[in-house]
Amino acid sequence: MPDQIASSINAALSDIQVRIFRACESVNRDPAKVTLVAVSKNFSVDHINRAYDLGHRHFGESKWQELETKVHQLPKDINWHFIGKLQSNKAKRVAELVNTIHTIESERQLKEIAKQDRTIDGFIQVNIASEQQKSGILMQDLDKVLLNVLKCNQVRFRGLMTIGPEVSDPEESRNYFRELAMLNRKIGGTHLSMGMSGDFEVAIQEGATHIRVGSAIFGNR
Ligand SMILES: *Cc1c(COP(=O)(O)O)cnc(C)c1O
C-alpha cells in the first residue's frame with residue numbers, strides 16, 4: 001500500500017480523535033465512553049491493517065460476505081461491528097463473526113441469532129424520522145421488538161441505533177438524535193449508536209456512545 005494512504009489514515013484518525021475529544025468537552029462527557037467504529041465497508045484489508053497498526057480495534061462492516069472474508073484475513077483481536085441490513089437467513093452467520101450487531105429489527109433475525117451459542121451485544125435500529133424505504137423499526141413497534149430482544153439469551157441488549165436523515169447541516173440531525181436518546185433512556189438502553197462522518201459531533205453532544213465513521217477515516221468510497 002502506498003505510504004500516502006497510510007499517512008492519510010493516520011492523519012484522519014488523529015483528527016477525528018481530537019474532534020471526539022472536543023465534542024465531549026463541550027458537553028462534559030468522558031471521551032473514553034465514546035467508541036469510534038471505523039466503517040471499513042468497500043475498503044481493502046490493507047486499509048484495515050493500516051488502521052490496526054495504528055492501534056485501532058473497532059471496525060464496522062455492512063455486508064455479511066465482505067465481513068466473513070475480512071474476518072478470516074485479519075487479526076483475531078479485532079472488535080467487529082455489523083452495521084448493515086441484516087437478512088434473517090444470514091443472521092446466525094453474522095452473529096458467529098461479530099461482537100456487536102447494530103441493526104436488529106425483527107423477531108426472525110433474533111430466532112436465527114439464537115441458533116448459535118455466542119452472546120453478542122445488540123442495538124435495535126430505529127427509523128427515527130419515519131423515512132420511507134429506510135431500515136429500522138418505527139417507534140410504535142419498539143416495545144414489541146425490545147421484548148423479543150430481551151428474551152433472546154444470545155443478545156446483550158445495549159440500546160438503540162439510528163442512521164440520521166441526510167441533511168446538509170448536521171444541526172438538522174440534532175432533534176432526531178435527541179429524540180432517540182430520550183427514547184433510549186426511557187427503555188433502559190445504556191449505549192447509543194448514532195452519528196457518522198457528517199454528524200458525529202452533534203451525535204456525541206446528544207449522547208452517542210458508538211459513532212460509525214467511514215469516509216472521514218478512509219476517504220470516499
Ligand atoms: C456506511 C455507513 C456508515 C459510515 O458512513 P460515512 O458517512 O462514510 O461515515 C455509518 N453507518 C452505517 C449504518 C453505514 O452504512
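Relative contact order for segment 24-95: 29 percent, from Cα pairs under 8 Å spaced at least 6 residues apart, divided by residue count.
The spread of Cα positions in the chain, taken along each principal axis and listed from longest to shortest, comes to 49, 39, 31 Å.
Surface composition of the chain: carbon and sulfur make up 45 percent of the accessible area, probe 1.4 Å. Probing with 1.4 Å while keeping every protein chain in the model, the per residue accessible area of segment 113-178 equals 55 Å². Shown are His58, His72, His102, whose ranking by accessible area with a 1.4 Å probe and every protein chain present, most to least, is His72, His58, His102.
Here the Karplus relation 6.51 cos²θ - 1.76 cosθ + 1.60, evaluated at θ = phi - 60°, turns the backbone of segment 156-167 into coupling constants of 9, 5, 9, x, 9, 9, 8, 9, x, x, 6, 9 Hz, with x for every Gly and Pro. Here the extension length gained between Thr119 and Lys144 equals 6.9 nm, from 0.36 nm per residue of separation less the Cα-Cα distance. The alpha carbon centroids of segment 171-221 and segment 27-47 are separated by 12 Å.
The values are calculated or read from the model by the stated rules, or taken from the named source; none is laboratory data. Quantities reported herein were computed from a predicted structural model and do not represent experimental measurements. The accessibility values were calculated without ligands, DNA or RNA, using every heavy atom of the protein model including side chains. Shrake-Rupley method; radii C 1.70, N 1.55, O 1.52, S 1.80 Å.
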